[in-house]
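> Input: one structure, supplied below.
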Ligand code: SAM
């Protein structure tokens, strides 16, 4: 269970309404049962449920069960699609450490709810034992992202998923980039505009990859690219 409070041996913490509901009604836990809690900073702790009231559960932390793992360095930029839960959850599971919504010309979902995005990441982190929930930055425009890339990301390479890229193997491309700090960029349902494509391809920090001959849904492309990066570059 993800909590927002600091964790230490012997501490007692109260769960919020949603976590209480999850623990009591979904996981069917009762006083005396154990669970694991984490907060993205202090590792994971084994906890005992000491009290279950109507809308409140109190836990006592027994001992640390895992050390905190550092956030992965992989940066994931995505043009927000209409349903973002899957893309955020998969990016969290697959080790993206920083998530950045990027507003491109054809984005149809530019009004994002940061709490909802965070909730999707927390849900995936809880289910998959990812101890460091990725940081989700406020949205940035495509132009600003490219203009500020060098200042913010220094020598990080931006892997641009481009369905029109020449079909050199993405594995070979990623192999060449082993050891480099990487970012990944995926377009929206309507893809990148021709101008955006050209702008990306002009930048020396951008490396295009093709994910094969078929046009994939944006969220599928994200999973495929993240899997490739993990398998080849190991991030
Ligand atoms: N219309 C579909 C949808 O609603 O999801 C397809 C969208 S596809 C144009 C969205 C993004 O996925 C593209 O901008 C690109 O970043 C990535 N993508 C899809 N297929 C790809 C491929 N074969 N190779 C590389 N990137 C791909």
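Taken together, the values in this text are just the output of simple stated rules run on the coordinates, not laboratory data. Given the structure is predicted, the values throughout are model-derived calculations rather than measurements. Cβ atoms come from the backbone with ideal geometry, glycine included; neighbour counts cover every protein chain shown.
> Order of 128, 161, 35 from fewest to most other C-beta atoms within 10 Å?
Numbers: 128 12, 161 24, 35 18.
By the 10 Å Cβ count, ascending: 128, 35, 161.
> With the Cα gyration tensor of the chain in hand, convert its eigenvalues to equivalent ellipsoid semi-axes via √(5λ) and list them largest first in whole Å. Could you put the intermediate results ahead of the total?
Values: eigenvalues 292, 65, 44 Å².
That gives 38, 18, 15 Å for the three semi-axes.
> Which residue, 153, 22, 120, tops the fluctuation ranking in a GNM of the chain built on C-alpha contacts under 10 Å?
22
> If you don't mind, another one. Starting from 0.36 nm per residue, how many nanometres of slack lie between residue 110 and residue 230 once their C-alpha separation is accounted for?
Once the chain is fully extended between residue 110 and residue 230, it gains 40.3 nm.
> When N is the residue count of region 141-235, what does its C-alpha Rg come to as a fraction of 2.2 N^0.38 Å?
1.02
> P(r) for region 7-100, please, calculated from all Cα pair distances in 5 Å bins and given in %.
3, 13, 18, 16, 15, 15, 13, 7, 2, 0
> What relative contact order, as a whole-number percentage, does the chain give when Cα pairs under 8 Å and 6 or more residues apart are counted?
Numbers: 440 pairs, mean separation 44.1, N = 235.
Reported relative contact order: 19 percent.
> Ok, one more. Treat the count of other C-beta atoms within 10 Å as a stand-in for reagent exposure and order 86, 106 from fewest to most.
The fewest-first ordering by Cβ neighbours comes to 106, 86.
> Still on this structure, please answer the following. Please report the antiparallel percentage of DSSP beta bridges with both residues in region 29-114, rounded to the nearest 5.
Roughly 75 percent of the DSSP beta bridges within region 29-114 come out antiparallel.
> Which of these, 84, 27, 201, has the largest mean-square fluctuation under a Gaussian network model of the chain (Cα springs below 10 Å)?
27
> May I pose another question? Compare 38, 160, 142 in a GNM of the chain, Cα atoms joined below 10 Å, and give the one with the largest fluctuation.
Result: 142 has the largest fluctuation of those listed.
> Report, to the nearest 10°, how far helix 142-153 tilts away from the longest principal axis of the Cα atoms in the chain, using its own Cα long axis and a range of 0 to 90°.
70
> Share of antiparallel DSSP beta bridges in the chain, in percent to the nearest 5? The partial results should precede the final answer.
Values: 16 of 37 bridges.
The answer is about 45 percent antiparallel.
> Please work out the C-alpha center-to-center distance from region 83-152 to region 1-69 and express it in whole Å.
26
> Related question: Consider just the alpha-carbon atoms of region 1-57 and return their Rg together with their Dmax, both in angstrom.
Here Rg and the maximum Cα pair distance are 10.5, 29 Å.
> Run lengths n ≥ 4 of DSSP H only: what is the helix-derived mean residue ellipticity at 222 nm for the chain, with -39500 (n - 2.57) per run over all residues, to the nearest 500?
Numbers: 7 runs with 73 residues, N = 235.
Rounded to the nearest 500, the figure is -9000 deg cm²/dmol.
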